[in-house]
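Report on one structure; see the data block that follows.
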Amino acid sequence: PQAGLVTNQRRRQRLMVWVRREGASQRVMSNEMAVISGLQEAFLEHGVDIEIYSTTPGAAQEALPANTANEALDDMRTFYRKISRASLIVGVHGAGLANMLFAPKRAIVIEIMPIIPDMVNYHYWMLSGLLGLRYRVIPVMVDESIEVGTKEAFEMPIRTLSEFQVDVQETVSVFLDIAMRESNVDT
C-alpha cells in the first residue's frame, strides 16, 4: 500500500460520495464512469468506499405520483445521510456540489472544473471555506477544438460547455495524491 493512506482496519472506514451530473446538458464528463472505476480500484485497499449519486436537473419541478414522491424522499434522506458522514465529496462543477451544505466539518470537497477561457468560478471554493470544509480543485483544460457555446442568462451571455473528457490515469493519480496529503488530518 502507498504510505500515508488509511489502511488500518481499526480506523474509521472513509466514504467518498461522487455526485454525478446524469441527465445534464452541460459540463458532462463523458468518461466519468472510467474515472470512478479507476478510483474504486485504487481506493479499495485503502478503506475508502465510493458511493455514486445522480442529480437530475428539473426533478423538483415535476409533479410525481405519491408513491414515487415517497421513494424520491427516501432517496434524498439516504443521500443526505451519506453526505453527512462523507470524508470526500466529489463532482464536476454543477449544482449537485451544493449538497456540501450537509457535509461534516473538515470533509474534503473535490471539484472537477473544466477550464474555459474567460470563465472564472469560485462558488464552491468560497462555500467550502464558509462551511469549514477543505476544498481542492482538479482543473481540466478543455481542448480548444471543443465548441464552447454561449447562452443568455440574466440578460447577459455566458459561456457553456456540453461535454469534456479527462485523462483517467492522471485524474486517479491526483485523487490519490490528495488522499495521501489529507489522510494525516482526521475527518
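The residue pairs whose first member lies in segment 99-115 and is within 15 Å of V17 (Cα to Cα) and among the small types (G, A, S), whose second member is modelled with pLDDT of 90 or more and in a helix (DSSP H, G or I), and whose beta carbons are closer than 8 Å, counting only pairs six or more residues apart or on different chains, are A103/I83; A103/S84; A103/L131; A107/M100.
For segment 166-181, a residue qualifies if it is surrounded by 18 or more Cβ atoms within 10 Å (Cβ to Cβ) and either touching an Asp or Glu at 6+ places or on another chain (Cβ under 9 Å) or modelled with pLDDT under 85 (or both), and the qualifying residues are V166, V172, A179. Among the residues of segment 99-116, the one identified as modelled with pLDDT of 90 or more, within 25 Å of M141 (Cβ to Cβ) and outside any strand (DSSP E or B) is M100. Among the residues of segment 59-74, some residue qualifies, meaning at least one is in a helix (DSSP H, G or I) and either modelled with pLDDT of 85 or more or of a type in the set (D, E) (or both). Just so you know, in segment 75-91 the residues that are within 14 Å of the chain's Cα centre (by Cα) and open to solvent by 10 Å² or more (accessible area, probe 1.4 Å) include one that is farthest from S30 (Cα to Cα), and it is K82. Output the residues belonging to segment 123-149 that are open to solvent by 100 Å² or more (accessible area, probe 1.4 Å) and modelled with pLDDT under 85. Of everything in segment 123-149, those that are open to solvent by 100 Å² or more (accessible area, probe 1.4 Å) and modelled with pLDDT under 85 turn out to be M141, E144, E147. Checking each residue in segment 1-33 for being within 15 Å of V172 (Cα to Cα), open to solvent by 50 Å² or more (accessible area, probe 1.4 Å) and at pLDDT 85 or above picks out only M33.
Take the conditions (1) hydrophobic (A, V, I, L, M, F, W, C); (2) open to solvent by less than 40 Å² (accessible area, probe 1.4 Å); (3) modelled with pLDDT under 90; (4) not in a helix (DSSP H, G or I); M119 misses just one of them, which is (2).
The values are calculated or read from the model by the stated rules, or taken from the named source; none is laboratory data. This is a predicted model, so every value here is computed, not measured. Note: ideal-geometry Cβ built from the backbone for every residue, glycine included; neighbour counts use all protein chains shown. For the accessible areas, the whole protein counts, side chains as well, though only heavy atoms, and no ligand, DNA or RNA atoms are used. Shrake-Rupley method; radii C 1.70, N 1.55, O 1.52, S 1.80 Å.
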